[in-house]
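Worksheet for the structure shown next.
The values are calculated or read from the model by the stated rules, or taken from the named source; none is laboratory data. The model shown is predicted, which means the values in this text are computed figures rather than measured ones. FYI the Cβ positions are ideal-geometry reconstructions off the backbone, even for glycines, and counts take in every protein chain you see. Side chains included, ligands, DNA and RNA excluded: accessible areas come from the protein's heavy atoms. Shrake-Rupley method; radii C 1.70, N 1.55, O 1.52, S 1.80 Å.
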Amino acid sequence: MTGANAASVLAGLMVSDGPRPEFEQAFRPFAPLIGSWDLDVTWYDDEGRPTRETKGEWHFAWALDGRAVADIWITPSRAARTTDGDGEWGLTIRLHDPELGAFRSTWMGPKHAVVMTFIGHPGPDSITLEAREPKSAKTRWIFTGITPDSFQWRNEDEDADGTIIVRQRFVARRSGGEEAGEGFGSGPAVGG
């Protein structure tokens, strides 16, 4: 099997219609994110001044036979590539670890060969992912203000002295006529 056929098979195995019943409750914090999002993306310098802005896109889906949530974020968006140049396509796989009582998350950014692992915990209207790699600063990726039609995301570093520096922000709006949590609890998961 090669080419388009292999890609179609892999895509079909990767994506699921919904979470497996035994994971529905655990994945509930991510349910509102399922679907496609248009992004306003801003990067910041160490003093908090914007250094770059572009449009982006973010796509979330149930994955791996309903045992995970996967997403791909693209900055700049495919539509903005002609004016904003080439960028990153980041892939994240999140799974729930019942022994840990948290989410394990791995993000891969192929443009710069970056792989980051996180441990995630939901809050009342937020999800916080803390990087596991030892760095000079503690990195957090935080989803906030999660509603059916919008959310915010930020990438922040915390220095040893407790100073928090926001590195990047996404302001997300749901794309097209999609509804939140498509496929959540709609029956058995399909896929691999």
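Residues of the stretch 163-181 being at pLDDT 80 or above, over 16 Å from residue 142 (Cβ atoms) and open to solvent by less than 40 Å² (accessible area, probe 1.4 Å), which ones?
Selection gives 174, 175.
I'd like the full set of residues that are open to solvent by 10 Å² or more (accessible area, probe 1.4 Å) and in contact (Cβ under 8 Å) with a residue 24 or more places away in the chain, limited to the stretch 36-53.
Listed by number, the residues that qualify are 36, 38, 40, 42, 43, 44, 46, 48.
Name the pairs: first residue in the stretch 144-160 and under 16 Å from residue 42 (Cβ atoms), second residue open to solvent by 60 Å² or more (accessible area, probe 1.4 Å) and β-branched (Val, Ile, Thr), Cβ to Cβ under 7 Å, at least 6 apart or on different chains?
The qualifying pairs are 152/171; 156/164.
When you look at residue 64, is it aliphatic (A, V, I, L, M), farther than 25 Å from residue 150 by Cα, buried (at least 17 other Cβ atoms within 10 Å of the Cβ) and modelled with pLDDT under 95, yes or no?
Yes, satisfied.
Restricting the stretch 9-27 to residues that are free of Cβ contacts under 8 Å to residues at least 12 places away in the same chain and assigned to a helix (DSSP H, G or I), which is farthest from residue 105 (Cα to Cα)?
Pass one, the stretch 9-27, residues free of Cβ contacts under 8 Å to residues at least 12 places away in the same chain: 9-11, 22, 25.
From the residues that got through so far, the ones that are assigned to a helix (DSSP H, G or I) too are 9-11, 22.
On the way: 9: 24, 10: 21, 11: 20, 22: 19 Å.
Result: 9.
I need every pair where a residue in the stretch 119-141 that is open to solvent by 90 Å² or more (accessible area, probe 1.4 Å) has its Cβ under 9 Å from the Cβ of a residue that is assigned to a loop (DSSP other than H, G, I, E, B) and at pLDDT below 85, sequence separation at least 6 or different chains.
Final answer for the pair search is 136/159; 136/160; 138/159; 138/160.
How about the stretch 76-98: which of its residues are part of a loop (DSSP other than H, G, I, E, B) and either touching a helix residue (DSSP H, G or I) at 6+ places or on another chain (Cβ under 8 Å) or among the hydroxyl-bearing types (Ser, Thr, Tyr) (or both)?
Of everything in the stretch 76-98, those that are part of a loop (DSSP other than H, G, I, E, B) and either touching a helix residue (DSSP H, G or I) at 6+ places or on another chain (Cβ under 8 Å) or among the hydroxyl-bearing types (Ser, Thr, Tyr) (or both) turn out to be 76, 77, 87.
In the list 108, 116, which residue meets the criterion of being open to solvent by less than 30 Å² (accessible area, probe 1.4 Å), without any contact (Cβ under 8 Å) to a residue 24 or more places away in the chain, under 16 Å from residue 72 (Cα atoms) and outside any loop (DSSP other than H, G, I, E, B)?
Checking each option against the conditions leaves just 116.
If a residue has to be among the aliphatic types (A, V, I, L, M) and modelled with pLDDT under 90 to count, how many in the stretch 84-112 make the cut?
The number of residues fulfilling the criteria is 0.
Residue 98 fails exactly one of the following numbered conditions: (1) touching a residue at least 40 places away in the same chain (Cβ under 8 Å); (2) buried (at least 17 other Cβ atoms within 10 Å of the Cβ). What is the number of that condition?
(2)
Let me confirm something: among 82, 92, which residue is without any contact (Cβ under 8 Å) to a residue 24 or more places away in the chain and buried (at least 19 other Cβ atoms within 10 Å of the Cβ)?
After applying the criteria, what remains is 92.
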